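Scroll down for the structure; my scribbles are underneath it.
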Amino acid sequence: LGVEQNSGWHGTNLQALIEQAKRPSSSAEIVVVISNRPGVQGLKRASLAGIQTRVVDHKLYGSRAEFDGTIDRVLEEFGVELVCLAGFMRILTGTFVKKWNGKLLNIHPSLLPSFKGVNAQKQALQAGVRVAGCTVHFVAEEVDAGAIVVQEAVPVLGSDTEESLSDRIREAEHRAFPAALELVASGAVRLGEDGHIMWKSSS
Ligand SMILES: Nc1nc2ccc(CNc3ccc(C(=O)NCCCC(=O)O)cc3)cc2c(=O)[nH]1
């Protein structure tokens, strides 16, 4: 489920998803962790949890289309029905996003639509907002613009640095991503044809 690029990635979001999927009440099972870099912490976390891993090194591919195509083949090989991007920092091609539309979740460290792109926590600090947070959204072709599934807000303290705020947001991420995984894996929430979130009617 987890696909990552950032070498600083310690896989803590992946770890939160692994622990969530282990719960008996969970609707999800993690069948594979794919990393685009070898030897990262997340691969060790997956192996420790008995989850199969694959590395698809983006440096070995001449184009994004070929890189995404290989990831697609691995996902099909494992019969994956839902993909969670945990620290994945490579833009996915439109072809890939169209094929996996409604089956791709990403977590972003801001309350979207504010502060899209990289360094979202730094953007929030520089903007002087008093509330920050994280967003789990379906991935759309336009970066960080997909339908929102779960958000969690955190306070910004006067003493905050980029690091202290990032730590507080990361703790919220570890609650929000598992919550969103369950909502989508259980069918409570799905992406409608119109690109908006659809909640299973309780009636
Ligand atoms: N099409 C699509 N694909 C994505 C891939 C990853 C993420 C994760 N969040 C990301 C948000 C921003 C970036 C970004 O701007 N990276 C610098 C350029 C890196 C590169 O050249 O690849 C990457 C991931 C979100 C999306 C998304 O919303 N839509």
Every residue from segment 66-90 that is within 24 Å of Ala147 (Cα to Cα) and within 13 Å of the ligand (Cβ to nearest atom): Asp68, Ile71, Val83, Cys84, Leu85, Ala86, Gly87, Phe88, Met89, Arg90
Odd one out for Gly62 among (1) farther than 20 Å from Val33 by Cβ; (2) in contact with a helix residue (DSSP H, G or I) (Cβ under 9 Å, 6 or more places away or on another chain); (3) not β-branched (Val, Ile, Thr): (2)
Condition met for Arg170 (of a type in the set (Lys, Arg), at pLDDT 95 or above and either within 16 Å of the ligand (Cβ to nearest atom) or in contact with a Gly (Cβ under 9 Å, 6 or more places away or on another chain) (or both)): yes
Conditions (1) acidic (Asp, Glu); (2) closer than 22 Å to His10 by Cβ; (3) loosely packed, with under 14 Cβ neighbours inside 10 Å: number failed by Asp160: (3)
Any hit, segment 16-36, residues being modelled with pLDDT of 95 or more, of a type in the set (Asp, Glu) and under 17 Å from Glu77 (Cα atoms): yes
Evaluation of Leu157 against (1) within 27 Å of Glu182 (Cβ to Cβ); (2) free of Cβ contacts under 8 Å to residues at least 60 places away in the same chain; (3) more than 10 Å from the ligand (Cβ to nearest atom); (4) in a loop (DSSP other than H, G, I, E, B) (one fails), failing number: (1)
Any chance Pro113 is modelled with pLDDT of 95 or more and in contact with a Cys (Cβ under 9 Å, 6 or more places away or on another chain): no
Residue within segment 166-175 that is over 30 Å from Gln126 (Cβ atoms) and among the hydroxyl-bearing types (Ser, Thr, Tyr) present: no
Residue match in segment 60-70 (condition: basic (Lys, Arg), loosely packed, with under 15 Cβ neighbours inside 10 Å and modelled with pLDDT of 95 or more): no
Subset of segment 91-143 (residues that are part of a strand (DSSP E or B), closer than 17 Å to Val154 by Cα and near the ligand (Cβ under 10 Å from one of its atoms)): Ile107, His108
Neighbours by Cβ (under 7 Å, 6+ apart or cross-chain): first from segment 185-201, farther than 13 Å from Phe138 by Cα; second part of a strand (DSSP E or B): Ala188/Trp199; Trp199/Val189
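The values are calculated or read from the model by the stated rules, or taken from the named source; none is laboratory data. Fair warning: this is a prediction, and the values are worked out from it, not measured in the lab. As a convention, Cβ positions derive from the backbone with ideal geometry for all residues, glycine included, and neighbour counts pool all protein chains shown.
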